[in-house]
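The block underneath contains the structure these notes are about, expressed in structure tokens.
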């Protein structure tokens, strides 16, 4: 049977050919510059909103990849609290949302700093704050093998087995040294940000140093590597792109963990980063449209109408899945169904919302 990467004699010295991704690396550098320009051209409030939207998407989707489904509203409140944007802290109802929001804010705020074991422990504690059953802020120590498995109990397939827990402290010391040495200006600098990010993510996931949370922290490390290479905090959601084709991600990772020639993994990861950058460009374009939309209508809407429109647009260009209706409107604004129906009809008459269906099937969507 083929050995895992960490069992091979040249571990952790990965080899790869950049000719496979040369064109995409050039395009990525170009797109990154365009996105930075778009962000810089936004008014300060819209710029911060675009950044928070992207951070929230990353937090929500990195959790979804692991099977956790969080409230976007709670995550955004946590991010705003941890970025210190409001004098009064917003209420966050879910500890998991509070933890991932706090971690995302810290990843952004400390992107320039070298990586340390204590920083990784901090992120792990943030992620599992107040949750039982996980040894937060420490490497795993259990004697049984750390395996990535799928399938029902008794018929599970082992996709990967990480190094034994006894090896983790030494492996992580070596990983952290490598990460800092390959940073811009380091003794072993890797000049292509997406390539360093790809290796960092694979290397960390192969060690799998924590009992739980390795995927989320590994994607945060990938973001840190990208930010350092680009010289600014990245504005994209790598996890949102990965989550759309999660099966491809796990297949690429599994194959890469069986070899130290990782050309195929680099190709997958660079393509994913480029897709994420394109999606970020579209999201920032949406933020610009949203700002123009509010400039046009905000003075003509009541406070509760504004609240609903903002909540719809928080979900993206399409608004709520299935559209808005009187029941959803009433739930958001705490008004009667009759009042909700009148408000929605008024919004439709003004051209703010478009109407589809009729009777109980009446649905409203944002009229771009």
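The values are calculated or read from the model by the stated rules, or taken from the named source; none is laboratory data. Because the structure is a prediction, the values reported are computed rather than measured. Counting neighbours? That spans all protein chains shown, and the Cβs are built from the backbone with ideal geometry, glycine included.
Pick out the one residue from 151, 130 that is exposed (fewer than 15 other Cβ atoms within 10 Å of the Cβ), modelled with pLDDT under 95, over 22 Å from residue 269 (Cα atoms) and touching a helix residue (DSSP H, G or I) at 6+ places or on another chain (Cβ under 6 Å).
130
Looking at the structure I just gave you, is residue 268 at pLDDT 95 or above, in contact with a strand residue (DSSP E or B) (Cβ under 8 Å, 6 or more places away or on another chain), assigned by TED's automatic domain parsing to the domain that holds residue 23 and under 30 Å from residue 27 (Cα atoms)?
Numbers: at pLDDT 95 or above: yes; in contact with a strand residue (DSSP E or B) (Cβ under 8 Å, 6 or more places away or on another chain): no; assigned by TED's automatic domain parsing to the domain that holds residue 23: yes; under 30 Å from residue 27 (Cα atoms): yes.
Against the criterion (at pLDDT 95 or above, in contact with a strand residue (DSSP E or B) (Cβ under 8 Å, 6 or more places away or on another chain), assigned by TED's automatic domain parsing to the domain that holds residue 23 and under 30 Å from residue 27 (Cα atoms)), residue 268 does not qualify.
If you check residue 275 against the conditions, is it assigned by TED's automatic domain parsing to the domain that holds residue 59, in contact with a helix residue (DSSP H, G or I) (Cβ under 8 Å, 6 or more places away or on another chain) and under 14 Å from residue 14 (Cα atoms)?
no
Looking at segment 274-283 only, could you name the residues that are crowded, with 16+ Cβ neighbours inside 10 Å and either touching a strand residue (DSSP E or B) at 6+ places or on another chain (Cβ under 7 Å) or free of Cβ contacts under 8 Å to residues at least 40 places away in the same chain (or both)?
Of everything in segment 274-283, just one residue is crowded, with 16+ Cβ neighbours inside 10 Å and either touching a strand residue (DSSP E or B) at 6+ places or on another chain (Cβ under 7 Å) or free of Cβ contacts under 8 Å to residues at least 40 places away in the same chain (or both), namely 275.
Take segment 284-305 and flag every residue that is modelled with pLDDT of 90 or more and surrounded by 15 or more Cβ atoms within 10 Å (Cβ to Cβ).
284, 301, 304, 305
Filtering segment 306-320 down to residues that are modelled with pLDDT of 85 or more and farther than 15 Å from residue 368 by Cβ, which residue is surrounded by the fewest Cβ atoms within 10 Å (Cβ to Cβ)?
310
Report whether or not residue 329 is surrounded by 12 or more Cβ atoms within 10 Å (Cβ to Cβ), more than 30 Å from residue 35 (Cβ to Cβ) and in contact with a helix residue (DSSP H, G or I) (Cβ under 8 Å, 6 or more places away or on another chain).
yes
Filter segment 16-59 for residues that are in a loop (DSSP other than H, G, I, E, B) and modelled with pLDDT of 95 or more; which is surrounded by the fewest Cβ atoms within 10 Å (Cβ to Cβ)?
Top of the filtered list is 17.
Look at segment 299-331 and say how many of its residues are under 21 Å from residue 73 (Cα atoms) and in a helix (DSSP H, G or I).
Final tally of qualifying residues: 18.
Can you report the number of residues in segment 332-354 which are more than 30 Å from residue 240 (Cα to Cα) and in contact with a helix residue (DSSP H, G or I) (Cβ under 9 Å, 6 or more places away or on another chain)?
14
With 162, 138 as the choices, which residue is surrounded by fewer than 17 Cβ atoms within 10 Å (Cβ to Cβ) and within 23 Å of residue 172 (Cα to Cα)?
138
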